[in-house]
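To keep things clear, I will list the structure first and then write my remarks on it.
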C-alpha cells in the first residue's frame, strides 16, 4: 500500500498507457496554465461568497442562534466547490499531447469516465502550422499547433499549448528523423 | 414536516454525493493514466475530501434545528414524535 502511494510520486512524469519499451517521449504537453487560471479565479471568487453574509449578518446569526445551521451550510457549499475544483483540474491534467520517437498521441478527456485517444505515426506528418490569436495568446506565448497528415482530411490540433513555435520546430525535426529512418529501413 | 428530518435528508444526500465524488477521486488515483500529475492531484483532493467530510460530520452532529426553532419561535410546540411520554 505504502509502495503504491510512493510510486505515484516517483513514477516518470512521462509515463502513459501503452508506452512501448523503446519509445522515447520527446514532447509532453498540457494546455498553457493560463487556461486554468480563469476557471480557478471564478471558483476563488465563489469561495469568498459565504464569508460576505457571515460578515454582514453576524449579529443576526448570533441573536437567533443560527451558528450551527450556518456552519453546516457553509461546509456543504465548500464540499461542492471542492468537487468542482477537482473536476476542473483533472480535466486539465488529463488533456494531453504526447510526441514520442515514432508517434503523436492526442488524449482528450471529456468527463470523469470518457476520453478520446487519437494517434498518428510521425512519418505520416505532411505539414504543421501554428495559430496564435489575440492579445492573451501573444503575451503569454501560447496557441494552437495544427498537424496535417497524408491522406486524412481531419487535422490533429494541439489546443492552447505553450510555445507553439518551438513545438512545431521540434515536431518537424522528429518527423524528418522518422522519415529518414523509414526510408533507410525500406531500402 | 419535522425539521430534523429535512436536515437528515440533506445530510444523507450530501454524504451520498460526496461518496460518489470520492470514488471518482480514487478511480483517478489508481488508474494508469497519463503521467503522474493527475494522480498527485487526486491524492491531494482525496486528503481534502476526508478533511471536509470530517468537518461536515462534526457540523451535522452539532446541529439541532429543532432546538433553534424552539428558541426562536414563541409558543412553539415540539412535534409529538420528539416528546417524551
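The values are calculated or read from the model by the stated rules, or taken from the named source; none is laboratory data. In this text the structure is predicted, and so the values were computed from the model without any measurement. Positions of Cβ are backbone-derived with ideal geometry, glycine not excepted, and every protein chain shown enters the neighbour counts.
Looking across region B:17-37 at every residue that is touching a helix residue (DSSP H, G or I) at 6+ places or on another chain (Cβ under 7 Å) and within 19 Å of residue A:97 (Cα to Cα), the one that is surrounded by the fewest Cβ atoms within 10 Å (Cβ to Cβ) is identified as B:37. Filtered by the rule that a residue be more than 7 Å from every other protein chain (Cβ to nearest Cβ) and in contact with a strand residue (DSSP E or B) (Cβ under 8 Å, 6 or more places away or on another chain), region A:65-99 gives A:91, A:95, A:97, A:98, A:99. The residues in region A:104-140 that are in contact with a helix residue (DSSP H, G or I) (Cβ under 6 Å, 6 or more places away or on another chain), closer than 14 Å to residue A:174 by Cβ and not in a helix (DSSP H, G or I) can be counted, and the count is 2. In region A:16-37, the qualifying residues are those that are loosely packed, with under 15 Cβ neighbours inside 10 Å and under 14 Å from the mean Cα position of the chain (by Cα), and the one that is farthest from residue A:118 (Cα to Cα) is A:37. The residue that is farthest from the other protein chains (Cβ to nearest Cβ), counting only those in region B:38-62 that are farther than 15 Å from residue A:74 by Cβ, at pLDDT below 90 and crowded, with 19+ Cβ neighbours inside 10 Å, is B:42. Among the residues of region A:45-59, those that are surrounded by 12 or more Cβ atoms within 10 Å (Cβ to Cβ) and either touching a residue at least 60 places away in the same chain (Cβ under 8 Å) or part of a helix (DSSP H, G or I) (or both) comprise A:46, A:47, A:53, A:54, A:58. Within region A:103-126, is even one residue over 19 Å from the mean Cα position of the chain (by Cα) and over 19 Å from residue A:25 (Cα atoms)? Yes, region A:103-126 contains a residue that is over 19 Å from the mean Cα position of the chain (by Cα) and over 19 Å from residue A:25 (Cα atoms). Among the residues of region A:143-150, some residue qualifies, meaning at least one is over 24 Å from residue A:19 (Cα atoms) and buried (at least 18 other Cβ atoms within 10 Å of the Cβ). Being within 9 Å of the chain's Cα centre (by Cα), within 7 Å of another protein chain (Cβ to nearest Cβ) and either in contact (Cβ under 8 Å) with a residue 60 or more places away in the chain or in a helix (DSSP H, G or I) (or both) is a property that does not hold for residue B:11. In region A:63-70 there is no residue that is touching a helix residue (DSSP H, G or I) at 6+ places or on another chain (Cβ under 7 Å) and at pLDDT 90 or above.
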